Structure formats: structure tokens, C-alpha cells
Amino acid sequence: MRHRKHRGSMGLPTGHRRAVLANLATALLTHGRIETTETKARAVRPYVEKLISLGKRGDLHARRQALAKLRYRPIVDLLFEDIAKASSERTGGYTRMIKTGYRAGDAASMAIVELVDKPKAVEATAA
């Protein structure tokens, strides 16, 4: 049975959806916060939360799993060295979503997704 297994497809084919989530996660981990549509924000939050949990595990297998999702080694290094250490005392809830209203062009509902515990390296790149 597939009860309670539904995930939003965002109206995208599987490969495109995976690429969008990987790119959003990379941007969020790089800059500490991103502004996107509410649908994409809802989709990227659990994706990033699982990546940060992998970073907190810190072993080789977790690093390879994260690299398979993100496909960019410097971001994986940032995740495992800085972001995981900044979130080490938190058991979950590494991100927050703040609704910001509607986009002017097409009235899409927008939201900001940000890391709750921003490490110094992420703050430096965001500034």
C-alpha cells in the first residue's frame, strides 16, 4: 500500500525535479537563505534537512550519499565541516520557512527558506 507516500511533483518530470531540488539545496547551503516559490520551499526543506543529518553523521558513506545528491564537492565539504558543526546540538528543524507574499509578475506565493544555525563560512559568502 502506498498510503501517505505522496510527495509533490511540482509539475516536473523526475529528472528535472531532482535537478531543481539539488540546485535549490546547493544555493541554500551556500548562501544560508534563498527566496523561492512556496511550493519549491516546501519541497526543498526536507531535502536539506536530510542532507544536514547526513553531515552530522560524518562518516564516509554519508559523505558519498550527500555527494550523490548535491554533485558538487566544495558544497559537500562545507556541509560536513561547517554547517553540520553549527547544527550539532539541534536534533532537527535545521531550516525555517517564512512566507513573504506574492510575486508581482504571476502572483505566485513566495517564501524565504533559511538555515536556523548559520555557520560563519555561510555568513561570509552571503555578505
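Throughout, read-outs are computed from the coordinates displayed, never taken from laboratory work. Bear in mind the structure is a predicted one, so any value in this text is a computation, not a measurement. Every residue, glycine among them, receives a Cβ derived from its backbone with ideal geometry; neighbour counts consider all protein chains shown.
Some points to look at:
- Equivalent ellipsoid dimensions for the chain as semi-axes, Å, which come from the Cα gyration tensor, largest first: 24, 19, 14
- Put a plus charge on the Cβ of each Lys and Arg, a minus charge on the Cβ of each Asp and Glu, and nothing anywhere else: the dipole of the range 52-127 about its Cα centre is then about 220 debye.
- Trypsin sites (Lys or Arg not before Pro) restricted to DSSP loop in the range 9-87 with at most 14 other C-beta within 10 Å: ARG71
- Charge dipole (the range 1-71, unit charges on Cβ, about Cα centre) - positive-most of LEU28, MET1, GLY15: MET1
- 18 Å tail of the calculated P(r), the range 59-109, as % of Cα pairs: 52
- Binned Cα-Cα distance frequencies in the range 1-68 - 10 Å width, integer %: 18, 47, 30, 5
- Magnitude of the charge dipole, the chain, Cβ model with Lys/Arg +1 and Asp/Glu -1, debye to 20: 640
- Karplus-derived 3J(HN,Hα), 6.51/-1.76/1.60, for each residue of the range 9-20, Hz, glycine and proline x: 8, 6, x, 10, x, 4, x, 5, 4, 5, 5, 5
- Cβ-to-Cβ counts within 10 Å put TYR94, TYR102, TYR47 in ascending order as TYR102, TYR47, TYR94, the fewest first.
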